[in-house]
Amino acid sequence: MPAIKLTNLTKTYANTSKPAVNHLNLEVNDGEFLCLLGPSGCGKTTILRMIAGIETISAGEITIDNTPVDSVEKGCFVPPEQRHIGLVFQSYALWPHMTVLENVSFGLKIKKVPMAEQQRRTQDVMEKLHIAQLASRYPAQLSGGQQQRVALARMLVLNPKVLLLDEPLSNLDAALRLEMRSELRRIHKAFGTTIIFVSHDQWEAMTLASTIAVMSDGQLQQVGPPNEIYTKP
Ligand code: ADP
Ligand code: ADP
């Protein structure tokens, strides 16, 4: 069963003539690690924002776990907080006045999850991400890679069905980026979460994803496993 299905998905921003996303069809299977690969401006971020429900769609349909969450034709719209989607951007915007522990547990607090469960889930996710020993530090006291882990933990603690990552490694230096790639693979295995990862870096896509969807100009060019993807030089 596809975790996410995009059908004829189209987005034309106000005051623009060319669609940013143009009749796009894509199925992302449960537990899959899919990379949306393409040059800057081809529509990748727009797709993630529409899946998360923070950008309106112009035409087509988005289905999560077989439930339409956004459909022009059916006139339905499920708000972002009910979609069980976690979104992590390249700038993590951790709350500077909160410790790591407070940053990670904040979403559970907002959802009024019982205190004992908050503590258990926060501890569990911090251990899985190897940041438990940093619990009482503030974001300014963390390295880039550690901040990245906290940003991921903050999303994973909410048990999202799907994790949307928008070039989350692009602010890290080359060595850290390499380390975080293997971290991401480990996290994907440990949590079994469906991941859509946006990148303009073919090498990054090849080393991370189980499926690569190559985009250009608001449309998909090819979809397949890394060894079958050929990008024209
Ligand atoms: P990518 O993530 O692949 O870099 P985006 O989804 O950010 O691409 O952008 C796709 C296209 O839509 C680009 O041409 C961009 O300029 C345009 N675009 C993005 N956001 C807006 C907006 N709010 N208003 C108008 N055009 C936009
Ligand atoms: P205080 O009341 O001491 O200012 P809170 O933790 O109650 O601090 O935060 C107030 C609100 O501001 C919260 O809803 C929190 O989500 C929001 N907030 C704080 N920092 C940020 C940030 N960097 N980015 C986005 N929202 C933030």
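The values are calculated or read from the model by the stated rules, or taken from the named source; none is laboratory data. Remember, it's a predicted structure, so these values are computed and weren't measured experimentally. Because the Cβ atoms are built from the backbone with ideal geometry, glycine has one as well, and the counts that use them run over all protein chains shown. All accessible areas refer to the heavy atoms of the entire protein, side chains included, with ligands and DNA or RNA removed. Shrake-Rupley method; radii C 1.70, N 1.55, O 1.52, S 1.80 Å.
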Next item on the list: Provide a single number: the residues in region 97-111 that are more than 9 Å from ligand 2 (Cβ to nearest atom), at pLDDT 95 or above and not in a helix (DSSP H, G or I).
Entry: 1
Notebook entry, point to check: If you take the residues of region 141-172 that are open to solvent by 10 Å² or more (accessible area, probe 1.4 Å) and part of a helix (DSSP H, G or I), which of them is modelled with the highest pLDDT?
Noted result: Gln141
Margin query: Could you check region 65-90 and list, in sequence order, the residues that are in contact with a helix residue (DSSP H, G or I) (Cβ under 9 Å, 6 or more places away or on another chain) and either within 16 Å of ligand 2 (Cβ to nearest atom) or open to solvent by 40 Å² or more (accessible area, probe 1.4 Å) (or both)?
Written below: Pro80, Gly86, Leu87, Val88, Phe89
Next item on the list: Name the residue, out of Gly53, Gly43, that is of a type outside the set (S, T, N, Q), open to solvent by less than 20 Å² (accessible area, probe 1.4 Å), more than 16 Å from ligand 2 (Cβ to nearest atom) and out of contact with any strand residue (DSSP E or B) (no Cβ under 6 Å at 6 or more places or on another chain).
Entry: Gly53
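Being more than 16 Å from ligand 2 (Cβ to nearest atom) and over 27 Å from Ile229 (Cβ atoms) narrows it down to one residue among Val157, Val162, Val125, Val150; which is it?
Just one listed residue meets the conditions, Val125.
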Margin query: Quick check on my filter: what residues within region 24-37 are open to solvent by 10 Å² or more (accessible area, probe 1.4 Å) and either more than 15 Å from ligand 1 (Cβ to nearest atom) or part of a loop (DSSP other than H, G, I, E, B) (or both)?
Written below: Asn25, Glu27, Asn29, Asp30, Gly31, Glu32
Note to self: Report every pair of residues separated by at least 6 positions or lying on different chains whose Cβ atoms are under 7 Å apart, first residue within region 6-32 and over 11 Å from Glu61 (Cα atoms), second among the basic types (Lys, Arg) and surrounded by 14 or more Cβ atoms within 10 Å (Cβ to Cβ).
What the structure shows: Pro19/Lys11; Ala20/Lys11; Val21/Lys11; Glu27/Lys5
